[in-house]
Every structure is written in structure tokens, then in C-alpha cells.
Amino acid sequence: MLMANPATLRNLVKRYETLRSTHARLGTSESSRQLEDVSYTLCVTTGTRTVPDALAVAAAQLRAVPSAGSLSPAPGPAEVQLIA
């Protein structure tokens, strides 16, 4: 199974949540269209057909990926030590 880039997935979920809140508050045709667009993209990205399923898959995939803060960066060329 293909997995979306974690940063992309996080951004989609955040955007969905923001737009859902915005649409609940404003209820305009523009907020509805934007919510539909991000919902569709979230479903396609997660390989699902419904937003609840997409959110569940996104949550599972994001839990499976270590957070960026816990990863140590790869050593740069000056940091690599050769042991003879």
C-alpha cells in the first residue's frame, strides 16, 4: 500500500479541520467548495471513499511515523568520522 508523505498528510488533515470549522461558522458556497475540495483530496491521498475513513487512515499512518522532533538529522560530511 502506498503511503502519503507524512507532512502532506498532516497538512491535509489540518486544512480539513480548519475548513470544516470555517464552513460551520460561515456556511458560504465558497467555504463549502473548499471543504469539498480538501475532503476529496484527503480521500484520494489515503485511498478511501469517505472522510471518516480518510481521517482514520491518516491518523494510523501518522502514528506509524516517528515525529520530526524525535529524528536526529543525518550527519553532514564534516560530522562523519572514519575509523581506521
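Find out how many positive minus negative residues lie around THR8, taking Lys and Arg as positive, Asp and Glu as negative, among other residues whose Cβ is under 12 Å from that of THR8.
Values: positive: ARG10, LYS14, ARG15; negative: none.
Neighbour charge sum, excluding THR8 itself: +3.
Of the residues LEU62, LEU9, ranked by 1.4 Å probe accessible area with the largest first, the sequence reads LEU62, LEU9.
Fully extending the segment from ASN5 to SER21 would add 3.3 nm, taking 0.36 nm per residue of separation and subtracting the current Cα-Cα distance.
The values are calculated or read from the model by the stated rules, or taken from the named source; none is laboratory data. Computed from a predicted model, the values in this text were never measured in an experiment. All Cβ positions, glycine included, derive from the backbone under ideal geometry; neighbour counts span all protein chains shown. In case anyone asks, the SASA skips ligands and DNA or RNA and just uses the protein heavy atoms, side chains included. Shrake-Rupley method; radii C 1.70, N 1.55, O 1.52, S 1.80 Å.
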